[in-house]
Every structure is written in C-alpha cells, then in structure tokens.
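Take a look at the following structure, please.
The values are calculated or read from the model by the stated rules, or taken from the named source; none is laboratory data. As the structure is a prediction and not an experimental result, all values here were calculated from the model. Neighbour counts run over all protein chains shown; Cβ positions are idealised from the backbone, glycine included.
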Amino acid sequence: MSGTVVSAVGLERTYGSGETATRALTGASLDLAAGELVVVRGPSGSGKTTLLNLTGGLDRPDGGSLAIMGTDVTAATPADWVQLRRSTIGYVFQAFALIPHLSAAENIELPLRVIGTPVAERDARVAELLDAVDLGAHANQRPSELSGGQQQRVGIARALANRPKLLIADEPTGQLDSLTAESMMALISRLVHEQGVAAIVSTHDPKMSAAADRVVELHDGVLGVRPHGRHLA
C-alpha cells in the first residue's frame, strides 16, 4: 500500500443559519491511502454522511480543503465532479440502488458503458468482477431475484467497475442482517487490498469495524482516531 489518494484538511460544514444552524462537521482532517480501508464510526447525526458527501463532491465544505490524487478539488465545478465520479470515485449505496430491469452483469457494466469502454474490455471486466464478488453463477439474474447480500455484492462490483482510486460507502451494511453484514465488510476489505483502492466506509455498528485498517470516530461533527484495528505495514 502506498500513496495518498485523499487529503482533507480542516473541513467544516454548517447547515442553516442563526439560531437554527447545525454544525455537522468541525475541522475534520483525514488522509486516505491506496489499499487502505478506513471505517468512520459514530451514532446517527454525528456527521458521517456529511464527511462522505464532502469527500465525494456531493456537498461543498464551508471551510478547509480537499485534495484527491494530489489535486485540490475544494472549489471544483459540478462538471469537474461529474468527471471525477466517472473516472476516480466509486460509490456503494446503503439501499443498493440497482436498476431493477437490468441483470447483475448489466448493472455492473453500466459505468463502463457511460465512459465508452470497448465491448471486449467491458465484458472481461464484468466477468472479472462477478467472480471477485462470488456471483459468477448469477450474472443474468435481476435484482428482484437476488438476496439483499447478493444485491450489495453487485453494488460493490459496479462501484469498482471503472477501477476507481477512491471507494465511498455510506452504511453499506445498513439493510443487511448481522451475519451478512460481517461477510460484506470482509468482502470490501479483501477487494480494497486486492485492487489497491482507498476506501472510506461509514457505520454506526461497532462490529463492522473489525475489517478496517483504521477506525476514526465522529461525535457531534468532531473527528478523532480510535487506537484499535489492524495496523498497516
């Protein structure tokens, strides 16, 4: 593992103004390295989603700076972020967000179609990812024919389709039973290390932290590092 993919320094975010203002994030600083799985843990309302949204350009900070792959993107335009999300950032959603009428393979293939990947290369990448998430035998099944765990595996494969440098997952196990959730976190960890992607995953469940290389805690918008979890060489 080497190389800093994300460098966030002093990120601030406040919603509303005056007496109704809510400070969602206060001076958050965090680096993410290639091949590293960082879990952000905290109760509902602690600022986890805000941190992930700022990191992925779905929201803008009120203060601080954000760099991705060494480029300052703090003031990036919406068009810049669209390009980053196509080429550099992959998302895993809590509610899976699969397209119902497409098969598992077609859902994974979609990001590759968007950027115009040649058919042969596209097919090879989809087959590779289906095998990586142990769904090779389910390629032609639609989401309604898959379990929740299988649907999230498709979601993870789709997020990795364009070989992103950064993987963002907001409560990816939130709709799964505890056993499936632990299996899902183990899968994310394995793929992060195999594919060398930097990953930031939010959770409110302490048990989901076991697969992390590093755990950071968020409470009332304040970020702190937890001295537990695996240590990277």
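Before we move on, is Ala159 out of contact with any Gly (no Cβ under 8 Å at 6 or more places or on another chain), over 16 Å from Arg41 (Cα atoms) and either surrounded by 20 or more Cβ atoms within 10 Å (Cβ to Cβ) or small (Gly, Ala, Ser) (or both)?
no
Within region 91-99, can one find any residue that is crowded, with 22+ Cβ neighbours inside 10 Å, closer than 24 Å to Gly196 by Cβ and touching a Leu at 6+ places or on another chain (Cβ under 8 Å)?
yes
Looking at region 1-20, which of the residues that are at pLDDT below 90 and touching a strand residue (DSSP E or B) at 6+ places or on another chain (Cβ under 9 Å) is farthest from Ile68 (Cα to Cα)?
Filtering region 1-20 for residues that are at pLDDT below 90 and touching a strand residue (DSSP E or B) at 6+ places or on another chain (Cβ under 9 Å), the one farthest from Ile68 (Cα to Cα) comes out as Met1.
Still on this structure, please answer the following. Among the residues of region 1-50, what is the count of those that are aliphatic (A, V, I, L, M) and in contact with a helix residue (DSSP H, G or I) (Cβ under 7 Å, 6 or more places away or on another chain)?
Residues in region 1-50 being aliphatic (A, V, I, L, M) and in contact with a helix residue (DSSP H, G or I) (Cβ under 7 Å, 6 or more places away or on another chain): 9 in total.
Now a separate question. For region 51-64, name all the residues that are out of contact with any helix residue (DSSP H, G or I) (no Cβ under 9 Å at 6 or more places or on another chain) and either surrounded by fewer than 23 Cβ atoms within 10 Å (Cβ to Cβ) or of a type in the set (D, E, K, R) (or both).
Once the filter is applied, which keeps residues that are out of contact with any helix residue (DSSP H, G or I) (no Cβ under 9 Å at 6 or more places or on another chain) and either surrounded by fewer than 23 Cβ atoms within 10 Å (Cβ to Cβ) or of a type in the set (D, E, K, R) (or both), region 51-64 yields Leu52, Asn53, Asp62, Gly63.
Continuing with this model, one more query. Since Val39 meets every condition but one in (1) surrounded by 22 or more Cβ atoms within 10 Å (Cβ to Cβ); (2) not in a strand (DSSP E or B), which condition does it not meet?
Result: Val39 fails condition (2) only.
Right, something else. Can you confirm whether Ser183 is touching a Pro at 6+ places or on another chain (Cβ under 9 Å) and of a type outside the set (Asp, Glu)?
So Ser183 does not fit the description; no.
Sticking with this structure for a sec: Somewhere in region 135-150, is a residue within 24 Å of Gly35 (Cα to Cα), among the aliphatic types (A, V, I, L, M) and in contact (Cβ under 8 Å) with a residue 24 or more places away in the chain?
Yes - at least one qualifying residue is present in region 135-150.
Across region 174-207, which residue is farthest from Ala159 (Cα to Cα) among those that are of a type in the set (Ser, Thr, Tyr) and free of Cβ contacts under 8 Å to residues at least 40 places away in the same chain?
Per the stated criteria, the residue is Ser178.
Condition first: outside any helix (DSSP H, G or I) and either surrounded by fewer than 18 Cβ atoms within 10 Å (Cβ to Cβ) or aliphatic (A, V, I, L, M) (or both). Now tell me which residues in region 13-24 satisfy that.
If the condition is that a residue be outside any helix (DSSP H, G or I) and either surrounded by fewer than 18 Cβ atoms within 10 Å (Cβ to Cβ) or aliphatic (A, V, I, L, M) (or both), then Thr14, Tyr15, Gly16, Ser17, Ala21, Thr22, Arg23, Ala24 are the ones that fit.
Applying the selection to region 54-85, what residues are among the hydroxyl-bearing types (Ser, Thr, Tyr), under 21 Å from Asn162 (Cβ atoms) and in a strand (DSSP E or B)?
Thr71
Same structure again: Can you tell which of Leu167, Leu176 is at pLDDT 95 or above, closer than 26 Å to Gly45 by Cβ and crowded, with 19+ Cβ neighbours inside 10 Å?
Leu167
Still on this model: Inside region 118-129, can you point out the residues that are within 11 Å of Arg163 (Cβ to Cβ) and touching a residue at least 24 places away in the same chain (Cβ under 8 Å)?
Correct list: Arg125, Leu129.
Residue by residue through region 1-12, note down the ones that are in contact (Cβ under 8 Å) with a residue 60 or more places away in the chain and in a strand (DSSP E or B).
Residues satisfying the conditions are Thr4, Val5, Val6, Ser7.
Sticking with this one: Would you list the strands (runs of 3 or more DSSP E) that sit entirely within region 135-231 and hold 1 or more residues that are more than 17 Å from Ala97 (Cα to Cα) and over 18 Å from the mean Cα position of the chain (by Cα)?
214-219, 222-226
Taking Gly27 as meeting all but one of (1) at pLDDT 95 or above; (2) outside any loop (DSSP other than H, G, I, E, B); (3) not hydrophobic (A, V, I, L, M, F, W, C), write down the number of the exception.
Just one mismatch for Gly27, condition (1).
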